[in-house]
Structure formats: structure tokens, C-alpha cells
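For reference, the structure discussed in these notes is given below.
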Amino acid sequence: MTQVDLTQTLVTADRIQEWLLTDGLRILLTLVLAVVVRWLLHRLIARVVKTMTSKTTARDDEWRDRFLPGRLFAEASATARARHQQRTATLGSLLRSSVTFVVGLVAMLTVMALVGIPLGPLLASAGVGGVALGFGAQSLVKDFLSGVFMILEDQYGVGDVIDTGEAIGTVEEVSLRVTRLRDANGVTWYIRNGEIVRIGNLSQHRATAIIDVPVSYDEDVAHVTAVIREAVAAMAGDEAWDGRLLDTPTVAGIESIVGQTMTLRVLAETSPGDKVDIQRELRQRIKSALDVAGVKAPPMNPFGAPRP
């Protein structure tokens, strides 16, 4: 090797060493910092998910102890808890993926700047494209954010009966952009999450069944009330309805008097999915008990409606 070649080799080695001690060290520190930041954010997300799950468990236990003493709450609570844990885990996975993408993108741009690649034209093009995309995808971003907060707050889930204002039905699928539900007529509704202004969930914790019992105005109120209470108490003691009928139904009293018709109202606390079945069963039992007791129905006119 000649003296010139040796000198060039030494110069190249010095440059490499200098680059490793300057830009190379910065690149290494950038990559290490990106890995550490990603790990810390993932730990934070995992802790938040764990905290949300524990709060849901405590809330369910509070509802059980407050409203459902001695009832078969464990199965329903476990189902709701598993649903919430699954949705929370889904949100946590989404956040972790987003964090990985953002941290990786920032680290890549930093490394490109240290290597000497000009970022100005690239960022300018990305900015113009981002503005155009932002104007064209405002509704998409709104739907996405609404879906994220809906999952975060556990407003509803698959199997719940909800009232969205536009439609009432059973939720069949929940995504970050669209909620799909089916109403009582079998119609499938696709509702964008960003268009949902308010939600009425008919399937959380408990429901109230309301039964109106019309009888003749001439009947003795105390006698009719006693017959109805006996009928509903018998249903409350039936093991077949244990866990579905949460408490003994109460006779609220006279709801209205119209002409020769006196209407008494019965209220029953039920599990959310059994409201309709319990209403039907209560009507049948109350009707049979009134027939046995000889309580008269309100007089009807020839067209089938109560006389005024």
C-alpha cells in the first residue's frame, strides 16, 4: 500500500469515527429514546385499561348490592363485565398501534434530518395533502372520535337495546365509524357514530315494567288492589321468574278515571332483557285473578272502546 492510499484510508477512518461520535451517536440516541418513549406510553395505556376495568367491576358490584340483593346477578354482571373488558382491550390495542405509528414516524423524520435528507419539500407536500384530506374527511374524523369516546365510556354494546333518536333496536355490531342495529320490524340501521347526538340504553342494569289494569268504575278499589297484590306476589315467589323479576311488583294505585273506566297501575323492576316477557306474564296472572275474584271489566260500547 502506497503512502497516498494509507493517508486516504486514515482520513476515511477519521471521518467515520467523527460521524459515529456526532451524527451516528445522535441517531442511536434518537432510536433508543423512541423505543423508551414507546415502552412508557404502552405501559401508561395498559395501566389506564386496567383502571377502567377495575372501575367497571366496582360499579357493577355497587349496582348489585344496591338494587339486586339476593338475586341472580352474577351471570348478567359477568357478561356485561366481559363485554366491557373486551371493548376496553380493543381501545387499548388501537391506542398502542397509534402510539407506535406516531413515535416511529417522528423517529424516522429525525433520523432523516440527521442523515441530511431535506425534509422541507416532503413536509410541505404532506401539509398540503393533510389539509386537503382534512377538508374532505371531517365527517370521518368526527365518526372516529365519537366511536373512540363511545367505547371509552361504555355507552352501549352488542346485544343492548338502544334509542338513538332515529331508530330503536338491538345493537348487532359496533365499530369506530358505524353502529349497526336491528329494530323490532327487522330493519337493519347503519348509524354513523358522529351523527348520534344522544343515546338511550334500555339494557343497562335494570328496567321498569308498567302494567295498566282497567276495571269498572263501580269496583271497590281496596278489593281490586288486594287481588292484584296477591297475584303479583305469587309471581314474585315463583322460582321460574327468580333473577328476572328483581323485586315484588307494587300497585301504585289509581292512574286515571275516564268515564266508567278506572285504571290501576302496577310497577315491576325487571332485568333489562325480560321486561316484555314479565309484562305479558303479569297481565295474564292479573287477568286470571280478577276473573276468579269476579271483578268486572269496564263497560264497552258497540265499537269495542270503553264508554265515555
Can you pull the one-decimal nm distance between simple spin-label points at ARG265 and TYR217, each 7 Å off the Cα toward Cβ?
-> 2.1 nm
Sequence of ILE278, ILE117 from largest to smallest accessible area, 1.4 Å probe = ILE117, ILE278
Roughly how many nanometres apart are two label points built 7 Å out from the Cα toward the Cβ at ALA293 and LEU114?
-> 8.5 nm
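Compute the signed sum of charges (Lys and Arg +1, Asp and Glu -1) over the other residues within less than 15 Å, Cβ to Cβ, of GLY165.
On the way: positive: ARG192, ARG198; negative: ASP163, GLU166, ASP183, GLU195.
Residues near GLY165 contribute -2 overall.
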Using 7 Å Cα-to-Cβ label points, what is the ILE168/ARG192 separation (nm, one decimal)?
-> 2.6 nm
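For GLU255 and SER97 in the same chain, what is the full-extension length gain: residue separation times 0.36 nm, less their Cα-Cα distance, in nm? Provide the component values of the computation, followed by the final result.
Working: separation 158, 0.36 × 158 = 56.88 nm, distance 5.66 nm.
Contour length minus Cα-Cα distance gives 51.2 nm.
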Quote the accessible area belonging to ARG265 in square angstrom, nearest 10, computed with a 1.4 Å probe and with ligands, DNA and RNA left uncounted.
-> 60 Å²
Using the Cβ atoms and a cut-off under 12 Å, what net charge is assigned to the surroundings of LEU41, where Lys and Arg are +1 and Asp and Glu are -1?
-> +4
Residues in the stretch 92-116, backbone N under 18 Å from the label point at LEU25 (7 Å along the Cα-to-beta-carbon vector): list them, ranges by number please.
-> 111, 114-115
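Within the set of other residues whose C-beta is less than 13 Å from the C-beta of SER139, count the net charge using Lys and Arg as +1 and Asp and Glu as -1. Could the numbers behind the result be given before it?
Working: positive: LYS142, ARG177, ARG192; negative: ASP143, GLU195.
Every neighbour counted, the sum reads +1.
Could you give the alpha-carbon Rg of the stretch 195-277 over 2.2 N^0.38 Å, rounded to two decimals?
Details: Rg = 15.5 Å, N = 83, 2.2 N^0.38 = 11.8 Å.
Normalised Rg, Cα atoms only: 1.32.
Gain in length, ILE210 to SER54, computed as 0.36 nm per residue apart minus the alpha-carbon separation, to one decimal in nm? Mind showing how you got there, number by number?
Details: separation 156, 0.36 × 156 = 56.16 nm, distance 3.43 nm.
Length gained between ILE210 and SER54: 52.7 nm.
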For the stretch 241-292, what is one quarter of the convex hull surface built on the Cα atoms, given in nm²?
-> 4.3 nm²
Please calculate the 1.4 Å probe accessible area of TYR217, with all protein chains present, and give it to the nearest 10 Å².
-> 110 Å²
Got a number for the accessible area of SER146? Probe 1.4 Å, square angstrom, nearest 10.
-> 40 Å²
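Evaluate E = 1/(1 + (r/R0)^6) for VAL178 and VAL37, where r is the Cβ-Cβ distance and R0 equals 30 Å; express this FRET efficiency to the nearest 0.05.
0.35
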Percent RCO, i.e. relative contact order, over the stretch 184-298, from Cα pairs under 8 Å lying at least 6 residues apart | 37 percent
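Given +1 on the Cβ of Lys and Arg, -1 on the Cβ of Asp and Glu, and no further charges, what dipole in debye does the stretch 200-283 carry about its Cα centre, rounded to the nearest 20? Before the final figure, lay out each step's value.
On the way: 7 positive and 14 negative charges, 59 e Å.
The dipole magnitude comes to about 280 debye.
The values are calculated or read from the model by the stated rules, or taken from the named source; none is laboratory data. Values in this document were obtained by computation on a predicted structure and should not be read as measured data. No Cβ is skipped: glycine too gets one built from the backbone with ideal geometry, and neighbour counts run over all protein chains shown. Ligands, DNA and RNA are excluded from the accessible area calculation, which covers all protein heavy atoms including side chains. Shrake-Rupley method; radii C 1.70, N 1.55, O 1.52, S 1.80 Å.
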